[in-house]
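The values are calculated or read from the model by the stated rules, or taken from the named source; none is laboratory data. What you are looking at is a predicted structure, and each value in this text was computed from that prediction instead of being measured. For neighbour counting, all protein chains shown are included, and Cβ atoms are generated from backbone atoms with ideal geometry for every residue, glycine included. Protein only, heavy atoms only, side chains kept; ligands, DNA and RNA dropped before computing areas. Shrake-Rupley method; radii C 1.70, N 1.55, O 1.52, S 1.80 Å.
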Amino acid sequence: MSGVSRRYGRTLALDNVSLTLGPGEILAVLGASGCGKSTLLRLIAGLDAPDGGEIAFGDRRVAGRGRNAPPASRGVGLMFQDYALFPHLTVLANVRFGLAHLRGADARDIARERLDQVGLAHRADSYPGTLSGGEAQRVALARALAPRPRVLLLDEPFSNLDAGTRERVRADTLAVLRRDGIGAILVTHDAAEAVACADRIVLMHRGRIVQSGSAEALYAAPATPFAARALGEIIEIPGRAVDGHVATPLGTLPRPDAVPEGAVKVCLRPEAIRLGPAGAGVPARILGRAFAGPRLRLDIAVAGLGAPLRLDLPPEAVPGEQVGIELLPGRAHVFPLPDGVQVLSDCN
Ligand code: ADP
């Protein structure tokens, strides 16, 4: 899709979004509630039409410039959190539903094969009301995949399942997609799910794509403080860029070329901070220790920081009451102000 926008009244749900899905690629669209993820899927599926921009499957334009191909002609499968099965039809009949264009025997064989793939062949004659949540979602998967879509669109499909079932159904779903080389777009607000499932993550905020890339790339090189927060824990501290370095209360970092002189926001991954004995690095004092399973949760006072620094560390890595702090530059990200401030206040 290129330059796609969708407005609902005064809300710009999608703002000039461009996105490409490679063959067999599994893409996660990650973002908070209301950022436009479902709108994106609905436009791709053909359940809604863009106000601007175009959507194409390969060379075939399906939406934009006056065209809006109906959902059934697009070759996409849908699996939604609340994509309910038809209660009055058996499991097998539910899976056959999308195969109405095939002869009875062919449709039945394909539906059985798809049910077998999700491990539910033995429930073919059951009714949906007798299935567990995980089984029902696996039937929904079989139904979505029965017509052999080229792309499967998944909208928070696992979020109604309990933790153990969620992992299993997710793994089953990914296994079927990988084996058959079916591309997928998975919408989720759960960063761990996006990291676990996707070849590539597209991070959205307020109808726009903030950044896209592999989980590793987004973690290691976030484009904004918002992106830094989205993919894992960060500690934010103030800093000042002067000449070739950035001075912070926790020590000095090299100044990235793109950062102008002046006030900056520094986002640190916890592993960017090394705690050593007093005398090594910036002096600091441990104010409190709390049990956190295999780790100790520390509150550490550092001159120049408004609030204590909170770190979780293995107990053996905690030297004593007076400590020294060192920064490891590779995991520290420096953002110029005021952009950093604006993005951060947006997502609070
Ligand atoms: P997400 O899936 O990320 O939670 P949505 O795509 O559902 O976000 O919604 C994006 C924005 O568009 C939200 O502000 C939402 O309130 C608005 N929106 C979505 N669908 C409609 C609609 N049919 N009518 C009016 N506003 C809508």
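Looking at Arg255, Arg240, Arg166, Arg170 in this structure, which one is charged (D, E, K, R) and in contact (Cβ under 8 Å) with a residue 60 or more places away in the chain?
Arg255
For Asp15, only one of the following conditions fails: (1) farther than 30 Å from His101 by Cα; (2) more than 13 Å from the ligand (Cβ to nearest atom). What is its number?
Failed condition: (2).
Is at least one residue of region 159-166 crowded, with 21+ Cβ neighbours inside 10 Å, in a loop (DSSP other than H, G, I, E, B), within 16 Å of the ligand (Cβ to nearest atom) and at pLDDT below 90?
Taking every residue of region 159-166 in turn, none turns out to be crowded, with 21+ Cβ neighbours inside 10 Å, in a loop (DSSP other than H, G, I, E, B), within 16 Å of the ligand (Cβ to nearest atom) and at pLDDT below 90.
In region 178-191, what residues are buried (at least 22 other Cβ atoms within 10 Å of the Cβ) and over 20 Å from Phe57 (Cβ atoms)?
Thr188
Residue by residue, here is whether (1) open to solvent by less than 50 Å² (accessible area, probe 1.4 Å); (2) among the basic types (Lys, Arg); (3) closer than 19 Å to Leu186 by Cβ; (4) assigned by TED's automatic domain parsing to the domain that holds Asn16 holds:
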position	(1), (2), (3), (4)
Met204	yes, no, yes, yes
Ser212	no, no, yes, yes
Leu218	yes, no, yes, yes
Ala221	no, no, no, yes
Arg240	no, yes, no, no
Gly244	no, no, no, no
Leu253	yes, no, no, no
Pro260	no, no, no, no
Ala263	yes, no, no, no
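Which of the residues spanning region 293-309 are on the phi > 0 side of the Ramachandran plot and over 30 Å from the mean Cα position of the chain (by Cα)?
Selection gives Gly304 alone.
Specify the residue that is farthest from the ligand (Cβ to nearest atom); the eligible residues are those in region 21-52 that are farther than 26 Å from Arg229 by Cβ and open to solvent by 60 Å² or more (accessible area, probe 1.4 Å).
In this case the residue turns out to be Pro23.
Give region 67-123 a look and list any residue that's over 33 Å from the mean Cα position of the chain (by Cα), open to solvent by less than 40 Å² (accessible area, probe 1.4 Å) and at pLDDT 90 or above, or say none.
Thr90, Ala93
Could you please give the count of residues in region 192-202 that are modelled with pLDDT of 95 or more, open to solvent by less than 60 Å² (accessible area, probe 1.4 Å) and not β-branched (Val, Ile, Thr)?
Residues that pass the stated criteria total 3.
Any residue at all in region 129-144 that's outside any helix (DSSP H, G or I) and either more than 16 Å from the ligand (Cβ to nearest atom) or of a type in the set (A, V, I, L, M, F, W, C) (or both)?
There is at least one residue in region 129-144 that is outside any helix (DSSP H, G or I) and either more than 16 Å from the ligand (Cβ to nearest atom) or of a type in the set (A, V, I, L, M, F, W, C) (or both).
Every residue in region 53-62 that is in contact (Cβ under 8 Å) with a residue 40 or more places away in the chain and either surrounded by 15 or more Cβ atoms within 10 Å (Cβ to Cβ) or over 22 Å from Leu203 (Cα atoms) (or both), please.
Gly53, Glu54, Ile55, Phe57
Identify the residue in region 310-331 that is closer than 16 Å to Gly251 by Cβ and surrounded by fewer than 16 Cβ atoms within 10 Å (Cβ to Cβ) and, among all such residues, is nearest to the chain's Cα centre (by Cα).
It comes out as Gly330.
For the structure I just gave you, tell me whether Gly181 is over 28 Å from Ala13 (Cα atoms) and in contact (Cβ under 8 Å) with a residue 24 or more places away in the chain.
The answer is yes for Gly181.
Test Pro147 against the criterion of being out of contact with any Lys or Arg (no Cβ under 6 Å at 6 or more places or on another chain), in contact (Cβ under 8 Å) with a residue 24 or more places away in the chain and surrounded by fewer than 22 Cβ atoms within 10 Å (Cβ to Cβ), and give yes or no.
yes
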